[in-house]
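Student: Before I ask anything, let me first share the structure, which is written out below as structure tokens.
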Amino acid sequence: RLDLGVCLLLAARGEAAVLHATGGHLGYSEAQPLHRAAGWWCAGQSALHSLAYFFFYLRAGGAASLWQACFPAPLPDGSLNRLGLVNFMGVVAIAVCGPLALSALPLVRRRCYHAFQRLHMPVALLFVTCCALHDLAILTFAVPGLAFWYVEWRGRGGRKGVLG
């Protein structure tokens, strides 16, 4: 479960982070392969996690079990289905991960770079938010990366830069 969190930490990229950590020997262009690899690793881990639990719930009790475990459907006694609510955030996260990964494919990214650039950050933020609502421990790894990005963004005066 923390593999995704570690990937989120690595995927949070920033020019200043790389430059400060290496004493100025590496820059933005050297950080891109790490960001791409971490992003694909994150997408792969998310897909494997989702498929494993999909088959687990399906095998454990059939379609009814899957529905009740993955969607906030009311329980038979009328009480709040907390497991379904929490897992539904994971369902939304993997649904958002699909377009995020597809738009990052080299062929798509090269042909529609402006669309990729404008959508990547907000869709990634939605993915991280849904992941955090699915598993709160992910915030342990996501918050430092997001905070560092925010500090860099404020350092540029809130201007758009390479990071968006």
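Student: From 116, 55, 71, 88, grab the single residue that is within 22 Å of residue 36 (Cβ to Cβ) and either more than 12 Å from the chain's Cα centre (by Cα) or open to solvent by 40 Å² or more (accessible area, probe 1.4 Å) (or both).
Tutor: Result: 116 is the single residue among 116, 55, 71, 88 that is within 22 Å of residue 36 (Cβ to Cβ) and either more than 12 Å from the chain's Cα centre (by Cα) or open to solvent by 40 Å² or more (accessible area, probe 1.4 Å) (or both).
Student: Still on this structure: Within the range 132-141, which residues are in contact with a helix residue (DSSP H, G or I) (Cβ under 8 Å, 6 or more places away or on another chain) and either surrounded by fewer than 17 Cβ atoms within 10 Å (Cβ to Cβ) or at pLDDT below 90 (or both)?
Tutor: 132, 135, 137, 138, 139, 140, 141
So that you can scan it fast, the table gives a plain yes or no per residue for (1) farther than 23 Å from residue 126 by Cα; (2) of a type outside the set (A, V, I, L, M, F, W, C):
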{"position": "46", "(1), (2)": "no, yes"}
{"position": "50", "(1), (2)": "no, yes"}
{"position": "56", "(1), (2)": "yes, no"}
{"position": "61", "(1), (2)": "yes, yes"}
{"position": "65", "(1), (2)": "yes, yes"}
{"position": "68", "(1), (2)": "yes, yes"}
{"position": "74", "(1), (2)": "yes, yes"}
{"position": "87", "(1), (2)": "no, yes"}
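Student: Sticking with this one: Consider the range 66-115. How many of its residues are part of a loop (DSSP other than H, G, I, E, B) and of a type in the set (D, E, K, R)?
Tutor: Final tally of qualifying residues: 1.
Student: Looking at 76, 99 in this structure, which one is under 21 Å from residue 35 (Cα atoms) and open to solvent by 60 Å² or more (accessible area, probe 1.4 Å)?
Tutor: Unique residue meeting the criteria: 99.
Student: Name the residue, out of 61, 90, that is among the small types (Gly, Ala, Ser) and farther than 23 Å from residue 146 by Cβ.
Tutor: Every option except 61 fails the conditions.
The values are calculated or read from the model by the stated rules, or taken from the named source; none is laboratory data. Predicted model only: the values in this text are computed from it and were never measured. Positions of Cβ are backbone-derived with ideal geometry, glycine not excepted, and every protein chain shown enters the neighbour counts. The accessibility values were calculated without ligands, DNA or RNA, using every heavy atom of the protein model including side chains. Shrake-Rupley method; radii C 1.70, N 1.55, O 1.52, S 1.80 Å.
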